[in-house]
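Enquirer: Below you will find the structure I want to go over with you.
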Amino acid sequence: MKRKIAIITGANRGIGFEIAKQLGKLGVTVIMTARKEDQGRATCDKLKKEGLDVHFHQLEMTNESSIHKLADDMQEQFGVVDILVNNAGINIDGNKDTTNIDLDTVRTTMETNVYGPLLLSQVLIPLMQSSADGRIVNVSSSMGALNEGMGGYGGNFAYSMSKTALNALTIKLAGDISSSRITVNSMCPGWVRTDMGTAAAPRSVEQGADTAVWLATGDVGMTGKFFRDREVISW
Ligand SMILES: NC(=O)c1ccc[n+]([C@@H]2O[C@H](COP(=O)([O-])OP(=O)(O)OC[C@H]3O[C@@H](n4cnc5c(N)ncnc54)[C@H](OP(=O)(O)O)[C@@H]3O)[C@@H](O)[C@H]2O)c1
């Protein structure tokens, strides 16, 4: 059977690296993308040594040319994309809150966490139309969930707002391409031990990646939803 082709953003570390590894172990051909070429190639080589069919491609989520170049190269090399995991994300709010956050921080956060995934989805959808079962998975957070208080007050304004917007993008995009064979879902990995999540987090990267991998390959049958631990959650 033909191998599925998956693109993972921010695959050089953390949850993205683990998603790439788990998809590779399931027999998927994985395009591991990262903004830093040296780090991206090094982590890709690690998975190649484990015998996985992984490839590296540079991708900076805030750079439109970089996003278009990825799509052009995928068209030339594979002609189809089955899975897109919009995993790359930043939380650079620091100790600022809504009263004193600077607009550059908000803009950079939105560009990385929302506008990048939007443009990347737009340019890859034509390639995903050739897939029998296209899946777009947006790695979001319960900090974007309105009914969970967006992570509370006193910080994380830009980050929380970006994840609420990513969930909104998920619903709107899912609806706008509902006549296609592509589904679009978002998920919360929980609080995970990564550079972003810190060593204090209770979850391993394996646990954090699980729902994203399931949404990318499993028997899901839903679109436009937000998931945690393989269950739909309201937000
Ligand atoms: N860890 C948690 O507890 C947690 C909880 C909820 C949601 N999440 C979400 O899960 C996703 C992965 O988080 P993580 O914990 O694995 O974070 P992480 O360890 O900080 O990794 C973030 C990844 O995103 C990449 N990235 C950031 N900005 C980028 C840009 N402009 N262009 C391309 N790549 C960029 C980073 O690349 P560099 O190495 O070049 O910086 C890195 O590969 C994020 O969307 C995050 O919001 C995490």
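Enquirer: Any idea of the accessible area per residue across the chain, 1.4 Å probe, to the nearest Å²?
Expert: On a per-residue basis, the chain sits at 46 Å².
Enquirer: Here's something else I'd like to know. With a length cut of 27 Å (Cα positions projected on each helix's long axis) and a Kyte-Doolittle mean of at least -0.5, go through the chain and give me the DSSP H helices that pass.
Expert: 157-176
Enquirer: Heavy atoms only, probe 1.4 Å: what % of the accessible area of the chain goes to carbon and sulfur, would you let me know?
Expert: Result for the chain: 51 percent of the exposed heavy-atom area is carbon or sulfur.
Enquirer: Turning to a different aspect of this structure: Holding the Cα-Cα limit at 21 Å, pick out from Lys4/Lys25; Lys96/Lys163; Lys69/Lys163; Lys36/Lys69; Lys163/Lys225; Lys2/Lys48 the pairs that are longer than that.
Expert: Details: Lys4/Lys25 12 Å; Lys96/Lys163 17 Å; Lys69/Lys163 26 Å; Lys36/Lys69 15 Å; Lys163/Lys225 14 Å; Lys2/Lys48 19 Å.
Long pairs (Cα-Cα over 21 Å): Lys69/Lys163.
Enquirer: Taking the Cα-to-Cβ direction at Glu50 and at Thr198 and moving 7 Å from each Cα, how far apart do the two end points lie in nm?
Expert: Distance between the two pseudo-spin positions: 2.8 nm.
Enquirer: For Arg203, Arg41, Arg135, write out the residues from largest to smallest accessible area, computed with a 1.4 angstrom probe and no ligands counted.
Expert: Result of the area sort, largest leading: Arg41, Arg203, Arg135.
Enquirer: While we're looking at this one, here's another question. Using label points projected 7 Å from each Cα along Cα→Cβ, tell me how many nm separate Glu148 and Met1, to one decimal.
Expert: Between Glu148 and Met1, the simple spin-label model gives 3.2 nm.
Enquirer: Here is a further query. Taking a 1.4 Å probe, which of Leu169, Leu84 shows the most accessible area, and what order do the others take after it?
Expert: Largest accessible area first, the list is Leu169, Leu84.
Enquirer: For the stretch 122-195, which chymotrypsin sites (Phe, Trp or Tyr not before Pro) pass both filters: DSSP loop (anything but H, G, I, E, B) and at most 13 other C-beta atoms within 10 Å?
Expert: Tyr153
Enquirer: If you average 1/r over all unlike Cα pairs in the chain and invert the result, what Kirkwood radius do you get in angstrom?
Expert: Averaging 1/r across every pair of different Cα atoms and inverting gives 17.6 Å.
The values are calculated or read from the model by the stated rules, or taken from the named source; none is laboratory data. Note that the structure is a prediction, hence the values are computed from the model and not measured. We place every Cβ from the backbone using ideal geometry, glycine too, and count neighbours over all the protein chains shown. All accessible areas refer to the heavy atoms of the entire protein, side chains included, with ligands and DNA or RNA removed. Shrake-Rupley method; radii C 1.70, N 1.55, O 1.52, S 1.80 Å.
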